[in-house]
Amino acid sequence: MSQTERASFGSKLGMILATAGGAVGLGNVWRFSYMTGDNGGAAFICIYIVSVLLLGLPCMICEFIIGRHAASNTARAYTKLSNGTAWKWVGYLGVLTGFLITGYYGVVSGWCLEYLYASATGAMKGGPEYFADYFKEFSANPWRPVLWLALILGVAHYVIIHGVRNGIERASKILMPLLFVLLLIIVVAACMLPGATDGLLFLFRPDFSKLTSDVFLAALGQSFYSLSIAMGCICTYASYFSRQTNLASSAIQISVIDFLVAILAGMMIFPAAASVGVRPDSGPSLIFITLPNVFEQAFSSVPVVGYMVAVMFFMLLGLAALTSLISLHEVSTAFFQEEMHITRNRAAWIVTLSCGVIGAFCSLSLGKLDVLSIGDKSLFDLFDFVTGQIFLPIGGFLTCLFLGWYVPKKLVKDEYTNWGTQRGSLFGVFYFLIRFVCPTAILAVFLHQLGII
Ligand code: PHE
């Protein structure tokens, strides 16, 4: 396909919503709010904002530059800019990371559908132990999670085969506003509960005594994960940007949306939890065990509201997961389509089927096939660990070095300023950050995660 025929986003709004949809995901709900609550409330939020500004944003702009400049899938984009030198492998790493995550992210996305179904049909009733058992039994079940995985991958597939404008962009324009509306309704319902203020205070009261070096590194890691950096998603979507898109201001808008969703998620979780005196935890147990129980108890005087909140909550999670899953799917679909010179449809099938198989194995590793473990990690945890904690920081680190030190500065500046048509204020700051600050910070997070520092 020649460059002029290449797909692109049709409108600025569609582009922002699609890219923000890729970034806004389960991490905004199950990780951010918990980390904030546990690491000093507003003090953590301040550090998080600084790490988005100093690390997340510049890395996002790097991927925008690489993707838009090359107007091709992530592997080819790095290959083009590196003139075929070894730097191209950073692009391949991005595609591989995206590909490997798709399956396991699909599994968790599928769980959201099961819970949406279960809460809609009234099966989500029964107290704390019931919810804990329900989750344990369900996630270890050999076929139910796999069926939900197939369904959500099928939906992502359906969107993808309709192309960038008619598929991804159109879906994002519906799903993202819906996500916001659901989020706002639940926040209002949660904040009206008795005792809700305690939850808000817990979330927003700054406690500087909790700020240790661990917290700083956790905030850096979270900003990276939340913005979907180094997974190929941002770079792939940027390849559909127009030459008029202001990269820096788009990155800011997307980060603001991502941040807002995270804060609002906290404003729904903490007040509800405080009203029933439960302490929220993080990860899958927060959304699949603790919160269903919290919603049931918090709204026990008006069960119909509790019912609706639970249904809306899992719908919201399903939407957040779906838009991220679509962005992950697109990374590999664009790759197979362009590298194997096949149709989009065929490429999408390759991705859906292979990621479906990977996801099914991940899911089974939590139950029937627990032989699929290496050390004390199930295949599921292993995928999470290898992609999130190893590939992601390596990819981000190398991307900054690539753009900061290898790619000619003029090219970077031309993309940043849209060939001199925009002022490009802060270019100097951006360039300094990606050359020195980001690689150092990412290295620190990486070594910290591995327990080396
Ligand atoms: N940014 C997503 C989140 O916050 C995580 C994710 C990373 C999703 C990469 C897709 C791709 O949940």
For this session: Residues that are closer than 30 Å to Ala348 by Cβ: find the helices (runs of 4 or more DSSP H) completely inside the stretch 42-143 holding 1 or more of those.
Result: 57-70, 74-81, 88-120, 127-140
Exercise. Out of all the residues in the stretch 121-128, is one or more within 27 Å of Leu328 (Cα to Cα) and more than 16 Å from the ligand (Cβ to nearest atom)?
Worked result: no
Exercise. Hey, does the stretch 363-380 have a residue that's in contact with a Cys (Cβ under 9 Å, 6 or more places away or on another chain) and within 16 Å of the ligand (Cβ to nearest atom)?
Worked result: yes
For this session: Exactly one condition in (1) modelled with pLDDT under 90; (2) hydroxyl-bearing (Ser, Thr, Tyr); (3) more than 16 Å from the ligand (Cβ to nearest atom) is not met by Ser8; state its number.
Result: (1)
Problem set entry | Residue match in the stretch 171-180 (condition: out of contact with any His (no Cβ under 8 Å at 6 or more places or on another chain), aromatic (Phe, Trp, Tyr), closer than 22 Å to Phe259 by Cβ and modelled with pLDDT of 95 or more) | yes
Problem set entry | Selected residue (criterion: farthest from Ser354 (Cα to Cα)) from residues of the stretch 120-161 that are touching a Lys or Arg at 6+ places or on another chain (Cβ under 9 Å) and surrounded by 15 or more Cβ atoms within 10 Å (Cβ to Cβ) | Phe138
Problem set entry | Selection count, the stretch 208-233, where residues are β-branched (Val, Ile, Thr) and more than 9 Å from the ligand (Cβ to nearest atom) | 2
Problem set entry | Selection count where residues are within 17 Å of Phe430 (Cβ to Cβ) and touching a Phe, Trp or Tyr at 6+ places or on another chain (Cβ under 6 Å), scope the stretch 241-275 | 1
Exercise. Quick one: is Leu260 surrounded by fewer than 20 Cβ atoms within 10 Å (Cβ to Cβ) and without any contact (Cβ under 8 Å) to a residue 12 or more places away in the chain?
Worked result: yes
Problem set entry | Residue list for the stretch 353-367, restricted to those being crowded, with 19+ Cβ neighbours inside 10 Å, in a helix (DSSP H, G or I) and hydroxyl-bearing (Ser, Thr, Tyr) | Ser363
Seminar exercise, completed: Note on Phe64: of the conditions (1) modelled with pLDDT of 95 or more; (2) within 14 Å of the ligand (Cβ to nearest atom), unmet is (2)
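The values are calculated or read from the model by the stated rules, or taken from the named source; none is laboratory data. From a predicted model like this one, the values you see are computed outputs, not experimental measurements. Virtual Cβ from ideal backbone geometry, glycine too; neighbours counted across all protein chains shown.
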